[in-house]
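The values are calculated or read from the model by the stated rules, or taken from the named source; none is laboratory data. Note that the structure is a prediction, hence the values are computed from the model and not measured. Don't worry about glycine lacking a Cβ; one is built from the backbone with ideal geometry, like all the others, and counts go over all protein chains shown.
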Amino acid sequence: GQTPMFPRIFGHEAGGIVESVGEGVTDLSPGDHVLPVFTGECKDCPHCKSAESNMCDLLRINTDRGVMIGDGKSRFSINGKPIYHFVGTSTFSEYTVMHVGCVAKINPKAPLDKVCVLSCGISTGLGATINVARPPKGSTVAIFGLGAVGLAAAEGARIAGASRIIGVDLNANRFEEARKFGCTEFVNPKDHDKPVQQVLAEMTNGGVDRSVECTGNINAMIQAFECVHDGWGVAVLV
């Protein structure tokens, strides 16, 4: 879509150390290790108090908002002209300014160059499986797309106790790595002369219990819907 506020500092994944805090901030202190969270939480609205949602009334993601919520102004500028924020994070920079609700404190022993991906890709896939798909123990789960988000989704299925985790991807080179994240078997659509949803249904006696679509491809979305078992199957589009 169109984003009207330019110029702006993009970026939404990072790991960092708190340099300073504003007046009234009590949850964080200089020196704390943190991750930015573009789906922030005020902790007071109905969404934040519900286990069914993370769409905070105050801090939910808004690509059109390029300023701080408190005063409607940017904290970045060059030559006296404002540079706007991006989804409350703006991580493509050495320093950034964020609402306290968009920051999560982490263990300082965690290496920032590795845990930085937890602030979006990994948490997105893992959360989609554990919090939304919620596969029962012993269930069958199909994961469409075995990139970073898909691998995290597979890990979520393993944590949940799924008995079969079927990875679906056009790139067979991804399969070996995906086994490390819980995938037990794989389907490459290029290896079959029938729709992949039919292949999955035949493999699972009528369809998988859960599917998690992590490619963003419309055809894969349709396949994810059509491969789940009728009556109780759940498809989640990430």
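Take the residues in the stretch 182-215 that are out of contact with any Ser or Thr (no Cβ under 7 Å at 6 or more places or on another chain) and touching a residue at least 60 places away in the same chain (Cβ under 8 Å); name whichever of them is surrounded by the most Cβ atoms within 10 Å (Cβ to Cβ).
211
Can we say residue 124 is under 11 Å from residue 16 (Cα atoms) and polar (S, T, N, Q)?
no
I'd like the full set of residues that are within 19 Å of residue 120 (Cα to Cα) and either among the basic types (Lys, Arg) or out of contact with any strand residue (DSSP E or B) (no Cβ under 7 Å at 6 or more places or on another chain) (or both), limited to the stretch 80-89. Walk me through how you get there before you give the answer.
Just the residues of the stretch 80-89 that are within 19 Å of residue 120 (Cα to Cα), to begin with: 85-89.
Selection gives 87, 88.
Looking at the stretch 128-154, which of its residues are small (Gly, Ala, Ser), under 21 Å from residue 54 (Cα atoms) and without any contact (Cβ under 8 Å) to a residue 60 or more places away in the chain?
152
Residue 67 - would you say it is buried (at least 17 other Cβ atoms within 10 Å of the Cβ) and in a loop (DSSP other than H, G, I, E, B)?
Numbers: buried (at least 17 other Cβ atoms within 10 Å of the Cβ): no; in a loop (DSSP other than H, G, I, E, B): yes.
So residue 67 does not fit the description; no.
List, please: which pairs have Cβ atoms under 8 Å, are six or more places apart or on different chains, and start with a residue in the stretch 51-77 that is outside the structural domain of residue 6 (by TED's automatic domain parsing) and more than 26 Å from residue 133 (Cβ to Cβ) and end with one that is in a loop (DSSP other than H, G, I, E, B) and modelled with pLDDT of 95 or more?
none
What's the total number of residues in the stretch 30-54 that are of a type in the set (A, V, I, L, M, F, W, C), surrounded by 13 or more Cβ atoms within 10 Å (Cβ to Cβ) and part of a loop (DSSP other than H, G, I, E, B)?
4
I'd like to check something: does the stretch 81-99 contain any residue that is of a type in the set (S, T, N, Q), in a helix (DSSP H, G or I) and over 25 Å from residue 196 (Cα atoms)? Before the answer, list the steps.
Of all residues in the stretch 81-99, those of a type in the set (S, T, N, Q) come to 89-91, 93, 96.
This time we only want the ones that are in a helix (DSSP H, G or I), so: none.
No, the stretch 81-99 contains no residue that is of a type in the set (S, T, N, Q), in a helix (DSSP H, G or I) and over 25 Å from residue 196 (Cα atoms).
So residue 37 passes all but one of these: (1) in contact with an Asp or Glu (Cβ under 7 Å, 6 or more places away or on another chain); (2) at pLDDT below 95. Which condition number does it fail?
Of the numbered conditions (1) in contact with an Asp or Glu (Cβ under 7 Å, 6 or more places away or on another chain); (2) at pLDDT below 95, the odd one out for residue 37 is (1).
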